[in-house]
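These notes are about the structure you will find just below.
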Amino acid sequence: MTTVSSDAAGRAIARARGALGRYRFMAIVTGVMLLILCAEMALKYLFHADDVVRYLRWVPFAHGWIYVVYLVTVFDLWNKMRWSWGRLVAMVLAGVVPVMSFIVEAKLHREAETHLSALDRQYAPAGGGTAAVSAPDAAPPRPLSWPGDQPHQPG
């Protein structure tokens, strides 16, 4: 049994909430940029609207760099929440499949907030100081399941 102070647990939960907020912002930005990229490609290849497309040449480059930042936030949240490899793959793919980032973000945000709120209640100090709460040596329970999920143990 490991004793975890309520202060340390509170800091870990706050860091996870910060990572969740950053991920949420970047998932929305990435999703919007991907939709703009799809519109640009449709204008270019389906409608041959070259006069309009020349004003949108920046979109693929912007989306590429925004996707890189999105991947950083995905890894940060995945690592802090100790989610499975399958979840990581789903989060990474959400940035390249149109509309998927909005769906995955909404589901992850809702379930992660529920999980973090439960941890908040579990580690809340009854009388202040150190709470003698047994902390699992393995990853905390995952609020979401994906097919083929294997727990990720951060190193």
**Request:** Specify the inter-centroid distance of region 23-64 and region 4-18, based on alpha-carbon positions, in whole Å.
**Result:** 39 Å
**Request:** Return the FRET efficiency for the residue pair residue 50, residue 96: r is the Cβ-Cβ distance, R0 is 22 Å, and the value is rounded to the nearest 0.05.
**Result:** 0.30
**Item:** Point-to-point label distance, residue 117-residue 12, nm (Cα→Cβ direction, 7 Å offset)
**Value:** 2.1 nm
**Accessible area, probe 1.4 Å, largest first, for residues 48, 109** = 48, 109
**Asked** Extension gain residue 58-residue 41, at 0.36 nm per residue separation less the Cα-Cα distance, in nm?
**Response** 4.9 nm
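The values are calculated or read from the model by the stated rules, or taken from the named source; none is laboratory data. Values in this document were obtained by computation on a predicted structure and should not be read as measured data. Positions of Cβ are backbone-derived with ideal geometry, glycine not excepted, and every protein chain shown enters the neighbour counts. The protein model used for the area step is the full one, side chains on, heavy atoms only, and it has no ligands, DNA or RNA in it. Shrake-Rupley method; radii C 1.70, N 1.55, O 1.52, S 1.80 Å.
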